[in-house]
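Take a look at the structure below.
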Amino acid sequence: MRPMLNMITLGVSDIERSASFYESVFSQRRSKYSNDGIVFIRLTGIVLALFSHKALAKDANVESVGSGFKRFSMTYYASSEAEVDEITSSVEKLGGKQTKKPQKATWGVYSSYFCDPDDNLIEVAYNPVLPLSANGELDI
């Protein structure tokens with residue numbers, strides 16, 4: 001297996017609501033390959049897919065019920081603490097729920113967390129130790 005991931009698929013309760021949220025957050029439009037059953041949004045280096053949580057569970061042959069912490073988060077690495085603050089503020093205006101205000105951790109990372117409309121955790125972080133490439137990808 002190659003050392004890469006091509007797509008993150010989120011099981012969501014309302015595809016259109018989630019698509020509108022992520023299109024606004026990332027200032028990206030859905031792919032022409034999207035349809036009523038799935039939305040693809042191309043990000044730098046990866047695709048975000050939005051799929052019905054019930055259909056995704058059925059496809060994976062697992063139960064679709066459950067709640068609480070989903071045991072993962074997605075992280076956007078910002079280029080500065082100011083960018084973390086700016087993104088956190090704008091995401092709240094778009095309907096994201098902030099779970100952690102921007103703050104510096106004891107290990108030096110400045111970060112904030114918010115949830116999308118389906119309570120998937122997204123971290124916005126600035127880490128002065130981890131370099132970003134010219135196109136904004138982690139260069140580690």
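Taking the range 11-25 only, how many residues are modelled with pLDDT of 95 or more and surrounded by fewer than 18 Cβ atoms within 10 Å (Cβ to Cβ)?
Selection size over the range 11-25: 6.
So if I check each of Gly95, Gly108, which one is of a type in the set (Gly, Ala, Ser), touching a residue at least 12 places away in the same chain (Cβ under 8 Å) and either crowded, with 16+ Cβ neighbours inside 10 Å or in contact with a Phe, Trp or Tyr (Cβ under 8 Å, 6 or more places away or on another chain) (or both)?
After ruling out the rest, the residue left standing is Gly95.
Among Val47, Val65, which is the only one that is closer than 25 Å to Gly11 by Cβ, in contact (Cβ under 8 Å) with a residue 24 or more places away in the chain and either exposed (fewer than 13 other Cβ atoms within 10 Å of the Cβ) or out of contact with any Leu (no Cβ under 6 Å at 6 or more places or on another chain) (or both)?
Result of the check over Val47, Val65: Val47.
Could you identify the single residue in Ser73, Ser31, Ser80, Ser52 that is within 15 Å of Asn120 (Cβ to Cβ), in contact with a Phe, Trp or Tyr (Cβ under 9 Å, 6 or more places away or on another chain), touching a residue at least 12 places away in the same chain (Cβ under 8 Å) and polar (S, T, N, Q)?
Ser73
The values are calculated or read from the model by the stated rules, or taken from the named source; none is laboratory data. In this text, all values refer to a predicted model and were calculated from it rather than measured experimentally. Positions of Cβ are backbone-derived with ideal geometry, glycine not excepted, and every protein chain shown enters the neighbour counts.
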